[in-house]
1. Of Ala350, Ala136, Leu385, which is farthest on the positive side of the dipole of the chain, counting Cα position, with +1 on Lys and Arg Cβ, -1 on Asp and Glu Cβ, and the Cα centre as origin?
2. Once you charge only the Cβ atoms, +1 for Lys and Arg and -1 for Asp and Glu, what is the size of the charge dipole of region 28-168 about its Cα centre, to the nearest 20 debye?
3. Can you give me the % of accessible surface on the chain that is carbon or sulfur? Probe 1.4 Å, all protein chains present, nothing else counted.
4. Fully extended, how many nm does the chain gain between Arg352 and Arg200 (0.36 nm per residue separation, minus their Cα-Cα distance)?
5. Given the -39500 (n - 2.57) contribution per DSSP H run of 4+ residues, what per-residue ellipticity at 222 nm results for the chain, rounded to the nearest 500 deg cm²/dmol?
6. Answer with one residue from Gly277, Thr359, Leu260: the one whose Cα lies farthest towards the positive end of the charge dipole of the chain, charges on Cβ with Lys, Arg +1 and Asp, Glu -1.
7. What does the highest-first list of 28-34, 138-144 look like by mean Cβ count within 10 Å?
8. Against the longest principal axis of the chain, how steep is helix 212-231, in degrees 0 to 90 to the nearest 10, with axes from Cα atoms?
Amino acid sequence: MDAAEPLPSVEARLRDAAPHRLVATARRVLAERVGAGEVTLLLADYALSVLRPVSHLPDTGTPVSAHDGPQGKAFREQSPVIEVVPSPAGHLVHLPVTVRGDRLGVLTVRLPAEAAVPDLVLQLGDFATALGHEVATAGRDTDLFLLARRTRRLTLAAEMQWQLLPGRGCARDEFTVGAHLEPAYAIGGDNFDWSAGADRLVLTVTDGMGHGIEASLLTSLTVAALRNARRAGVPLADQASLADQAVYSEYGGRKYASTLLLEFDLATGTVIAVDAGSPQLFRQREGRTERIELEAQLPLGMFEESVYDEQTFQVEPGDRLIVVSTGVHAMRSASGIVFGEEVLRQILSATRGAAAHETARAVVAGLFEHHGSSELASDAVVVCLDWNGRPH
């Protein structure tokens, strides 16, 4: 973009576009303003394995790796990557498309060789962010962008679970969260959820009992009950109690959901915790990885009118917290060996310098390697939170 059309007016053109015309509008704007010869929006698939071009079915483009190559590097490192191309002469600029810490994909723009100057690349980065916000909003009105994320059909249970999630990442000054679910196209009962306000962040990880659609229905009820209680403004232990009552009322103790609830004071780093089941919590601090031992309490819905107690611990700037569900810490290999804390600690130590979302992905990759299969037998969720603390 140049001085003739500042970013606010460009954003207005994107907002005015019909949801299914967003990419075409972006292509037209960039062709007019910077002489772009090619504009492609690629979205990360549910498994975070490839980036797929947005196109109207049955037309499809060739996917590229979400980890390797110039587009994969832009997505992985969350920074622009400039690729020199000989024919036709020019540059391909690959820009991460991210909304408040939730990585959606990459915008690729072909520019004339003389146009790829730093100032323009920065402006294109702002444009990619604006486009990402519009894509996130457009998802309410069209399936185009959801379909672009699929390398194959989701199970019905997985469809329900992905619609239930807040996103796959969140970033604020005080913290950054990255999370991952597997098996991405057949997930049933595992879930993560968060909500951040002016002073507090509430984070939950839930593992609904069972498999498939039954587990998904159970988890959907549990998460809805937790959200309803949270939005009523009650303390964390009461949120667990109210959700417990809702699940027990529906299933009478036949089914239950294991849940870890965490509430962060964004100003002080004090964390209130309720451990209602099997998700495990680890903390990395100054090169040391340790499990935070919490009082194990009853899963939600196991018994009628369970009472939950809160515990507290402290996080400090530079801390990293990792939450893993049973499908991670109890996963067995083909020979029966449990994934366990030792392997998990090794992966966490090796990824200490990586971003939160890459650490979550690395744990899942290690899980696949340990399992020795391209598809996991049980649901698995990994949530990684980097704590920065509130700037003074």
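1. Of Ala350, Ala136, Leu385, it is Ala136.
2. 420 debye
3. Numbers: 8530 of 16750 Å².
Exposed carbon and sulfur together represent 51 percent of the surface.
4. My answer for the length gained is 52.2 nm.
5. Roughly -10500 deg cm²/dmol at 222 nm, from the helical runs in the chain.
6. Among Gly277, Thr359, Leu260, the one farthest towards the positive end of the dipole of the chain is Thr359.
7. Output ranking for 28-34, 138-144: 28-34, 138-144.
8. 90 degrees
The values are calculated or read from the model by the stated rules, or taken from the named source; none is laboratory data. This is a predicted model, so every value here is computed, not measured. Counting neighbours? That spans all protein chains shown, and the Cβs are built from the backbone with ideal geometry, glycine included. We work out accessible area using only protein heavy atoms, side chains counted, and drop any ligands, DNA or RNA first. Shrake-Rupley method; radii C 1.70, N 1.55, O 1.52, S 1.80 Å.
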